[in-house]
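Please read the structure below before turning to the comments.
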C-alpha cells in the first residue's frame, strides 16, 4: 500500500435500534444536523428507489485546519444493513457502512479505503500518515457522539 492509500476502520456501538441508526446513516443530507464535521451535503443525482446511483457533494471540516470536498456515489444498498459508496474528488476510494442489530443496540462499522489526492497531502502523506489517521478518528468520534445524542 502506498503512502497515499489508507484503509481506516471505525467501529461504533450505538444504544439505539438498528432501524433508527439506519434511518440516520442512510439520509446523508441530514448529517449536518447531528455530525459537526459534516458542513454540507448537496444531492446532485437521486439514484434509484434504493438510492443506488445517488451522487452527493460532501463538504467536511476536520480536526486540522483544512476542509475536504468530494462527491460520493452510492454503489450498493442492502437495507438496513449495508451501504457502499465511491468517493471522487479530494479523496478517492470506497466507503462502507455495515450495521448489525444487537438487542437494543446497533453495532456500526465504517471502512474508509481511500487515496488522498490534494497535492500537499500526497507530498506529505509519508510524514503525516499518523496525523491523518488521528484526524479521521476525531471526525468519526464527532459523528458517533452526534448520532448517539440525536437518537437518545
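The values are calculated or read from the model by the stated rules, or taken from the named source; none is laboratory data. Since the structure is predicted, the reported quantities are computational estimates derived from the model, not experimental observations. Note that each Cβ is placed from the backbone with ideal geometry, even for glycine, and that neighbours are counted across all protein chains shown.
Structure notes:
- Taking the stretch 113-142 as the range and being in contact with a helix residue (DSSP H, G or I) (Cβ under 8 Å, 6 or more places away or on another chain), part of a helix (DSSP H, G or I) and under 19 Å from residue 71 (Cα atoms) as the test, only 121 passes.
- Residue within the stretch 12-21 that is under 21 Å from residue 135 (Cα atoms), in contact (Cβ under 8 Å) with a residue 60 or more places away in the chain and in a loop (DSSP other than H, G, I, E, B) present: no
- Top-ranked residue of the stretch 50-98 - restricted to ones that are at pLDDT 95 or above and in contact with a helix residue (DSSP H, G or I) (Cβ under 6 Å, 6 or more places away or on another chain), ranked as farthest from residue 28 (Cα to Cα): 80
- Test for residue 21: is it crowded, with 16+ Cβ neighbours inside 10 Å and farther than 30 Å from residue 119 by Cα: yes
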